[in-house]
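A.B. asks: Below are the structure tokens for one structure; questions will follow.
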Amino acid sequence: ELIEKPEVVAVFCGRFSPVAIEVAPLANRFGLLLLDPWAAADSITRHPEPNFVFRLSLIDTWAIDAMLKHVRKKGMKRVSLFVPNNAWGRSSEAAFIASVKRHGGPLYQTHWYNWGDTEFSERIGAALYGGAEGIVLVANEAEGALFSQQMAANPPARRLPIVSHWGIAGGDFAAAVGPALNELDLTVVQTFSFDKVSADRRRAVDAGVRRLYGHGIEHLPAQVGFAHAYDLTYL
């Protein structure tokens, strides 16, 4: 429908890599710019020329590299990788394997789950039984919040540190997890924080957000996606 509208010059995709992967070939076939401010699967932008898909965001390779750098810094020798059983999960696992080959370690075991799963305790138990010293989590906020609550329900000695991809930052993750969040060692990869923006720019953007949405930037649920889309709009 959008391709058929002559006044449409570009389309922004959302944050779900499996959707963006399916849409990208259509954009290329019809020569309509597809702009990606969030979805991270490496393959989204990898097409033969002429390629109309442009991303201003992380890719899974960069995200996983940063996450594993943190894992090694924390001294973890063995981790469990939790990934969704879809294109994003497969992209993240491939990036994980490639990163381990490039930089060495850690030892790992992959645990797959489906979007919509609500029970993770058994798989967390399997990770603990396998000797994992930490979790590398690839998840959005719905499954990520439940995973975090169920990890926090363990006794303190059985709560593993979690190093998470940024999907959990796509909604109000902190509210969804609740007080259990304070019981966890949780690190999230990200590209942007309003704390790093000049005061003048922060005030200007905050004024625009308040005018359009009736609240300030502190209530934006997905700040990295907002920042990337903001810059893509200018480009």
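A.B. asks: Running a GNM on the chain with Cα contacts under 10 Å, which residue among Ala66, Ala126, Ala207 ends up with the highest mean-square fluctuation?
C.D. replies: Ala207
A.B. asks: Only helical DSSP H runs with n ≥ 4 go in: add -39500 (n - 2.57) per run for the chain, normalise by residue count and round the 222 nm mean residue ellipticity to 500 deg cm²/dmol. Before the final figure, lay out each step's value.
C.D. replies: Details: 8 runs with 98 residues, N = 235.
About -13000 deg cm²/dmol.
A.B. asks: Can you give me the accessible area per residue for the chain, using a 1.4 Å probe, in Å²? Present the calculation step by step, with values, prior to reporting the outcome.
C.D. replies: Details: 12280 Å² over 235 residues.
For the chain, the solvent-accessible area averages 52 Å² per residue.
A.B. asks: What whole number of Å gives the distance from the Cα centroid of the stretch 18-79 to the Cα centroid of the stretch 122-168?
C.D. replies: Here the two parts' Cα centres lie 24 Å apart.
A.B. asks: Taking the mean number of other Cβ atoms within 10 Å as a proxy for protection, how do you rank 33-40, 174-181 from highest to lowest?
C.D. replies: Values: 33-40: 23.1, 174-181: 14.4.
Ranked from most to least packed, the peptides come out as 33-40, 174-181.
A.B. asks: In addition: For the stretch 1-120, state what percent of all Cα-Cα pairs lands in each successive 5 Å bin, counting from 0 Å until the bin that includes the largest distance.
C.D. replies: The distribution over the stretch 1-120 is 2, 11, 19, 18, 16, 13, 9, 6, 4, 2, 1, 0, given as percents.
A.B. asks: Ok, one more. What order do you get for 73-79, 130-136, 226-232 when each peptide is scored by the mean count of other beta carbon atoms within 10 Å, highest first? Spell out each step's value before the answer.
C.D. replies: On the way: 73-79: 15.7, 130-136: 20.4, 226-232: 18.1.
Packing proxy ranking, top to bottom: 130-136, 226-232, 73-79.
A.B. asks: Between Leu181 and Leu235, 0.36 nm times their residue separation minus their Cα-Cα distance comes to what?
C.D. replies: Stretched fully, the Leu181-Leu235 segment lengthens by 15.7 nm.
A.B. asks: Keeping all protein chains in place and using 1.4 angstrom, which order do Trp62, Trp112, Trp88 fall into by accessible surface area, from largest down?
C.D. replies: On the way: Trp62 145, Trp112 90, Trp88 15 Å².
My answer, sorted largest first, is Trp62, Trp112, Trp88.
A.B. asks: Two decimals is fine: what's Rg over Rh for the stretch 143-218, C-alpha atoms, Kirkwood radius as Rh?
C.D. replies: A ratio of 1.10.
A.B. asks: While we're on this one: Report, to the nearest whole %, how much of the accessible area of the chain belongs to carbon and sulfur atoms, 1.4 Å probe, protein only.
C.D. replies: Numbers: 6840 of 12280 Å².
Using a 1.4 Å probe with all protein chains present, the chain comes out at 56 percent carbon and sulfur.
A.B. asks: Got a sec? What order do Asp65, Asp42 fall in by accessible area at 1.4 Å, biggest, i.e. largest, first?
C.D. replies: Output order, biggest surface exposure first: Asp65, Asp42.
A.B. asks: Can you sort Thr118, Thr187 by solvent-accessible area, 1.4 Å probe, largest first? Write out the running numbers ahead of the final one.
C.D. replies: Details: Thr118 90, Thr187 45 Å².
Order by accessible area, largest first: Thr118, Thr187.
A.B. asks: Sticking with this one: Any idea how far apart Arg158 and Glu1 come out in nm if each label point goes 7 Å out from Cα toward Cβ?
C.D. replies: 5.0 nm
A.B. asks: Same structure again: At R0 = 25 Å, how high is the FRET efficiency between Tyr213 and Val9 if r is their beta carbon distance? Nearest 0.05 is fine. Could the numbers behind the result be given before it?
C.D. replies: Details: r = 24 Å, r/R0 = 0.98.
That pair, Tyr213 with Val9, gives E of 0.55.
A.B. asks: While we're here: Heavy-atom accessible area of Ile21 with all protein chains present, probe 1.4 Å, nearest 10 Å²?
C.D. replies: 50 Å²
The values are calculated or read from the model by the stated rules, or taken from the named source; none is laboratory data. Because the structure is predicted, anything quoted here is derived from the model rather than measured. No Cβ is skipped: glycine too gets one built from the backbone with ideal geometry, and neighbour counts run over all protein chains shown. Just so you know, the surface numbers come from the protein's heavy atoms only, side chains and all, with ligands and any DNA or RNA stripped out. Shrake-Rupley method; radii C 1.70, N 1.55, O 1.52, S 1.80 Å.
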